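Notes follow once the structure below has been shown.
The values are calculated or read from the model by the stated rules, or taken from the named source; none is laboratory data. Just so it is clear, the model here is predicted, and its values are computed rather than measured. No Cβ is skipped: glycine too gets one built from the backbone with ideal geometry, and neighbour counts run over all protein chains shown.
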Amino acid sequence: MRNHQFIKGEFYHVYIHAIEGRNLFNNTEDYERFITTLFAANGTKSVPRIEGSNYLNLVWDIRDGDVDVGEEMVDIVGFCCNPTHAHLVLGEREEGNISRFMHKSQVSYAKYYNIKHDRRGHLFERNFNSKHLQDNEYLLSVSCYVHLNPKDTKEWSGKEYLYPWSSYQDYAIKNRWGRLLKTDIVLSQFNNNDEYKLFVEQYKDGDLEEVSR
């Protein structure tokens, strides 16, 4: 992967990794805080204060219109958070928005992480990497790749669609995030959720290795 000049209306696979081989996510609180940050940072206004014991309450408030973060900067199409890294599938709504969105979300999460884990300095290895998804076939392939990321873990192998820190269950079962997660960009190409799930489950390992390059 490498960084790109982002083009309005196009989709990108974005990848972030922690420095020093450390974990980005150590527990449920970290995962929930990062996912909340993604949706809270996806607006033209400043990231709202994220506090309380249940971070996801802020996501529900944004989803339901009770908290205004401004006009959406990117289309969040999919995500998967793993202990040391995270994958995002993003659509560029206006030129420069993906870069601004990533800066906002990374700064917000790094500030939280450093305070919680009593550390200083950079958290992410470089800013982020990205790959242009130049056609619809590539978009669908990367959707499979991102959603099958937990397949090599003993706990989630064979039941990746239940992994809580991924958008796979939002495609295979029910969208938890409503309008904030743009599942329709992919799901509109399938008859129903089960058909998409079957498409993902039948994806070949060789194809997954290819799209990750």
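For L180, which of the numbered conditions (1) at pLDDT 95 or above; (2) over 22 Å from T28 (Cβ atoms); (3) among the hydrophobic types (A, V, I, L, M, F, W, C) fails to hold? L180 satisfies every listed condition except (2). Taken together, the residues in region 83-106 that are of a type in the set (G, A, S) and surrounded by 21 or more Cβ atoms within 10 Å (Cβ to Cβ) amount to 3.
Residues in region 4-38 that are among the aliphatic types (A, V, I, L, M) and under 12 Å from the mean Cα position of the chain (by Cα) were compared, and the one that is surrounded by the fewest Cβ atoms within 10 Å (Cβ to Cβ) is V14. Scanning region 138-181 for residues that are in contact (Cβ under 8 Å) with a residue 40 or more places away in the chain, under 13 Å from the mean Cα position of the chain (by Cα) and not in a loop (DSSP other than H, G, I, E, B) turns up V142, S143, Y145, V146, H147, N149, S166, Y168, L180. Out of all the residues in region 122-162, which are acidic (D, E) and touching a helix residue (DSSP H, G or I) at 6+ places or on another chain (Cβ under 9 Å)? The answer is E125, E160.
Is it true that some residue in region 129-136 is in a helix (DSSP H, G or I) and at pLDDT 95 or above? Scanning region 129-136, I find at least one residue that is in a helix (DSSP H, G or I) and at pLDDT 95 or above, so the answer is yes.
Within region 15-40, residues that are without any contact (Cβ under 8 Å) to a residue 24 or more places away in the chain reach partners that are part of a helix (DSSP H, G or I) and of a type in the set (V, I, T) with beta carbons closer than 6 Å, at six or more positions or on different chains, in the pairs T36/V59. Here region 107-137 is the region considered, the condition is being within 17 Å of the chain's Cα centre (by Cα) and of a type in the set (F, W, Y), and the residue that is surrounded by the fewest Cβ atoms within 10 Å (Cβ to Cβ) is F124. With respect to the stated conditions, N54 is more than 13 Å from the chain's Cα centre (by Cα) and under 30 Å from E155 (Cα atoms). Looking across region 1-42 at every residue that is among the small types (G, A, S) and out of contact with any helix residue (DSSP H, G or I) (no Cβ under 8 Å at 6 or more places or on another chain), the one that is modelled with the highest pLDDT is identified as G9. For A41, are the conditions met, namely being within 25 Å of K116 (Cβ to Cβ) and surrounded by 20 or more Cβ atoms within 10 Å (Cβ to Cβ)? So A41 passes the test. Exactly one residue out of R126, R213 is of a type outside the set (D, E), on the phi > 0 side of the Ramachandran plot and at pLDDT below 95, and it is R126. Restricting S167, S157 to residues that are among the polar types (S, T, N, Q) and surrounded by 14 or more Cβ atoms within 10 Å (Cβ to Cβ) narrows the list to S167. With respect to the conditions (1) among the hydrophobic types (A, V, I, L, M, F, W, C); (2) touching a His at 6+ places or on another chain (Cβ under 6 Å); (3) surrounded by fewer than 19 Cβ atoms within 10 Å (Cβ to Cβ), V142 lacks only one, and its number is (3).
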